[in-house]
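Read the structure below first, then the notes.
Coordinate-derived values only; no laboratory data. Just so you know, these numbers come straight off a predicted model, no measurement behind them. So basically every Cβ, Gly included, is an ideal-geometry build from the backbone, and we count neighbours across all protein chains shown.
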Amino acid sequence: MTQTAPSLAELRREIDELDTAIADLLIRRQEVAQRVGRAKTGSAAPLRPGREAQVLRRLAAHTKGRMRPTAVVRIWREIFAAATRTQGPFAIAICAPSGERDLWDLARAHFGAATPALRVDRPAQAIRALGADAAQIAILPPPSDETLWWTGLIEAQPRLHVIARLPFAAKEGVEGVPAAEAFAVARIEPDASGDDASLLAMEATAGTSRGRLKELMAGAGLEASWRAVARPHVDSPDAVHLIEVQGFVTDDDERLFELSRNHMREIHRVVRVGAYARPLTLDTSD
């Protein structure tokens, strides 16, 4: 006996039932997130970018071949944002001058379309919004030799850190052009995700080459790549290097002290200014 294929009306009823079940599960998840917020003690931050990255990696692996990872990330980023907003004030300041869409779109996709957002023209304005409690996250352009907001993180009080690199899941740019990216800065400590990169600011004698510094860092067990270089002052004999290293480095990592202690003529100090989960690696078909 042949089985009759379900009608369009029956399929739509099934979708309606699934939608209701999904909504019920989202409500249940939101309730648990609120309990998590109440269970946190002291000044524990509602935002846990490392924990979120762990969840996204697990879900991407679980749904591999059945859902596009970019879709999984986008859906759960909205879920994370909704949960974060239930645990306290949550707004973002985005450095996105009028007519520039990249950082604005990256920020909205990562921190939720319903999250309150302040648009500013300069990185310094976004960082000032953190100090004024007008925002809890500043979304900034990638650091470079010309984009020097990162130098302010070295001495900032209270401490500011890079806590995330956006987007968490995206394909590389076409024909060698880098994909758009942004960095999230906040007044919270980064948290490890299990697959991370850390940002170090190194003050070194101006004449010391990158090759020499990379050699010294490798000797300390740190795999380094350069993000930017700046001079702290016009007439300063030193340079400040922004260096990305593999792994999650803490403020009290003994390797940072050893670098300046063992090579004081070349390296004056090394300060961690952030850490973030390494983005998902996507296949070309994703």
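For the stretch 90-96, putting each phi into the Karplus relation 6.51 cos²θ - 1.76 cosθ + 1.60 with θ = phi - 60° gives couplings of 8, 9, 10, 10, 10, 7, 9 Hz, in residue order, rounded to whole numbers and with x for Gly and Pro.
Looking at the chain alone, DSSP beta bridges between its own residues are antiparallel in about 80 percent of cases.
Using just its DSSP H runs of length 4 or more, each adding -39500 (n - 2.57), the chain gives a mean residue ellipticity at 222 nm of -11500 deg cm²/dmol after division by all residues.
Inter-part distance, the stretch 231-283 to the stretch 190-230, computed on C-alpha centroids, equals 5 Å. Using only side-chain charges placed at the Cβ, +1 for Lys and Arg and -1 for Asp and Glu, the dipole size of the chain relative to its Cα centre rounds to 540 debye. Of ASP19, ASP251, ASP121, which has the largest mean-square fluctuation in a 10 Å C-alpha GNM of the chain? Of ASP19, ASP251, ASP121, the Gaussian network model singles out ASP19 as fluctuating most. Coordinate range of the alpha-carbon atoms in the chain per principal axis, descending: 85, 43, 41 Å. In percent, rounded to a whole number, the relative contact order of the chain is 18, using alpha-carbon pairs under 8 Å and six or more apart. For the chain, modelled as a GNM whose springs connect Cα atoms under 10 angstrom apart, the maximal fluctuation among ALA39, ALA228, ALA206 occurs at ALA39.
Build a GNM of the chain with springs between Cα atoms under 10 Å apart, and of ARG29, ARG12, ARG165 the one that fluctuates most is ARG12.
For the stretch 179-286, the ratio of Cα radius of gyration to the globular rule of thumb 2.2 N^0.38 Å stands at 1.15.
Full extension of the segment from ASP251 to ILE22, taken as 0.36 nm per residue of separation minus the current Cα-Cα distance, would add 78.3 nm.
How high is the relative contact order of the stretch 1-158? Use alpha-carbon pairs under 8 Å, at least six apart in sequence, and give a whole percent. Mind dumping the intermediate values first?
Details: 135 pairs, mean separation 28.1, N = 158.
Relative contact order, the stretch 1-158: 18 percent.
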